[in-house]
1. Within region 86-106, which residues are modelled with pLDDT under 90, within 20 Å of D40 (Cβ to Cβ) and in a loop (DSSP other than H, G, I, E, B)?
2. State yes or no: is V217 among the aliphatic types (A, V, I, L, M) and modelled with pLDDT of 85 or more?
3. Give the residue, chosen from V53, V10, V35, V17, that is over 15 Å from V89 (Cα atoms) and either in contact with a Pro (Cβ under 7 Å, 6 or more places away or on another chain) or touching a residue at least 12 places away in the same chain (Cβ under 8 Å) (or both).
4. Against the conditions (1) more than 16 Å from A129 (Cβ to Cβ); (2) part of a loop (DSSP other than H, G, I, E, B), where does E29 fall short? Just the number, please.
5. Looking only at region 107-122, count how many residues are part of a loop (DSSP other than H, G, I, E, B) and in contact with a strand residue (DSSP E or B) (Cβ under 7 Å, 6 or more places away or on another chain).
6. Of the residues P6, P58, which single one is modelled with pLDDT under 95 and more than 23 Å from T205 (Cβ to Cβ)?
7. So P84 ticks every box in (1) more than 23 Å from the chain's Cα centre (by Cα); (2) surrounded by fewer than 16 Cβ atoms within 10 Å (Cβ to Cβ); (3) of a type outside the set (S, T, Y) but one. Which box is left unticked?
8. Examine region 26-44 for a residue that is within 24 Å of T205 (Cβ to Cβ), surrounded by 23 or more Cβ atoms within 10 Å (Cβ to Cβ) and outside the structural domain of S203 (by TED's automatic domain parsing), and state whether such a residue exists.
Amino acid sequence: MTVEHPITVVVVDDHAVVRRGLTTFLGDEPDIRVVAEAGDGQSALSLLDRLAVTGPLPDVALVDVQMPGLDGIATTRSIADRHPGVRVVILTSFGEIERVHAALAAGAAGYVLKDAEPEEITAAVRAAAAGEVYLDPLVARRLTQRLVAPAAGLSALTGRERDVLTLVATGRTNRQIAAELVISERTARTHLSNVLAKLRLTSRTQAALVAIREGLVPAPGAGSATATRKG
């Protein structure tokens, strides 16, 4: 984009002060122009629906992930479905990898932390408008570490631990795992704790994602539904 044809942006955040700050420093960029603001996800969707009829849609929507009602992930998914030409950059205080995966799966083209420097936010907006994906450097490092560590740790699992990981990914509770493997529920919990430790994970959901990625179970929609229930 150029000064003559700037990148148009809509800012979506439930805090007016945050919206104003974003609008101010984005407006200082000669190739970026904030064309609208919205205080929540539903308002953003209504705004985009109106713009789709009355005028050009913005190039980029800068969306807060945590909002009342329709949160940023659901808002991103709806924007991708209804207005695929609008690229979404998630702006959030949270750097958890699960949120990153959810945002990218919903169709986000960028993920930036709120404590990032203004230059990083403008870089994300420009990258999204250019059809690229931008990840906050800290988030990118965490994502890379998470992708590398489980692959190395998977070979360290015993056969029984691999069985437990597979059953977790298919939605079994600890009690169901114990019954299927003919072990005590306490032993099942111990095996699961060992799996999480070896793969450097913290939850059943993360374990299930690793099992799917490593091909231990089919991905959802490929013949197996994945659930993660506490047991």
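The values are calculated or read from the model by the stated rules, or taken from the named source; none is laboratory data. Here the structure is a predicted model, which means the values were calculated and not measured. Cβ: placed from backbone, ideal geometry, glycine included. Neighbour counts: every protein chain shown.
1. Matches in region 86-106: S93, F94.
2. So V217 does not fit the description; no.
3. Result of the check over V53, V10, V35, V17: V35.
4. Going through the list (1) more than 16 Å from A129 (Cβ to Cβ); (2) part of a loop (DSSP other than H, G, I, E, B), E29 breaks only (1).
5. Qualifying residue count for the region: 4.
6. P6
7. Condition (1) is where P84 drops out.
8. yes
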